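The values are calculated or read from the model by the stated rules, or taken from the named source; none is laboratory data. Bear in mind that the values here come from a model prediction, so they are computed numbers and not experimental data. Here the Cβ is made from the backbone with ideal geometry for all residues, glycine too, and neighbour counts use every protein chain on show.
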Amino acid sequence: MADQGNGARRRSARAIEMDKILGELDRSGLRMTEFARQRRIPVSTLQWWRSVSRRRAQSSNEGRRRQRRAERASFVEVAVPWNSGGAEARENAGAFEVVLGRGRMVRVPVDFDPAVLAQLIRTLDATC
């Protein structure tokens, strides 16, 4: 696959052709071995391209799930009682702790930039 410069990948002619053939296999109702015999295609070739197709679909689905989570993310105004809680509360008064999924936590200063924090969270979701 060739990189299109924006991180997206262009699929090869062979990949497009094999997706078409796999679609025909699915619509045929035949077992893979019979379909392969009729088309004179090695069964192993169909199996390999089927696995490639499934991995691509899973990757695409994961990307969409990440995007939906990022779109649902929002900021909530929080009132912090600065003068209560004792010494420990006063020590942490200059930061918030944001607990994310999978046990991740981000410590954020009081004067944080919401856009920068949102970008950081998207980046963490994409890489962790």
Among (1) surrounded by fewer than 15 Cβ atoms within 10 Å (Cβ to Cβ); (2) touching a Leu at 6+ places or on another chain (Cβ under 6 Å); (3) of a type in the set (A, V, I, L, M), there is one condition Ala36 misses while meeting the rest; what is its number? (1)
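Quick grid of which residues meet (1) among the aliphatic types (A, V, I, L, M); (2) at pLDDT below 80:
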{"residue": "Met32", "(1), (2)": "yes, no"}
{"residue": "Ala36", "(1), (2)": "yes, no"}
{"residue": "Trp49", "(1), (2)": "no, no"}
{"residue": "Val52", "(1), (2)": "yes, no"}
{"residue": "Glu77", "(1), (2)": "no, yes"}
{"residue": "Glu88", "(1), (2)": "no, yes"}
{"residue": "Cys128", "(1), (2)": "no, yes"}
For region 90-110, enumerate the residues that are at pLDDT 75 or above, of a type in the set (A, V, I, L, M) and surrounded by 10 or more Cβ atoms within 10 Å (Cβ to Cβ). Ala95, Val98, Leu100, Val106, Val108, Val110
If you go through region 111-128, how many residues are within 19 Å of Gly101 (Cβ to Cβ) and in a helix (DSSP H, G or I)? 11
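Let me confirm something: among Ser44, Ser53, which residue is surrounded by 14 or more Cβ atoms within 10 Å (Cβ to Cβ) and among the polar types (S, T, N, Q)?
Within the list Ser44, Ser53, the selection yields Ser53.
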Take Asp113 and decide whether it is over 30 Å from Ser59 (Cα atoms) and at pLDDT 75 or above. yes
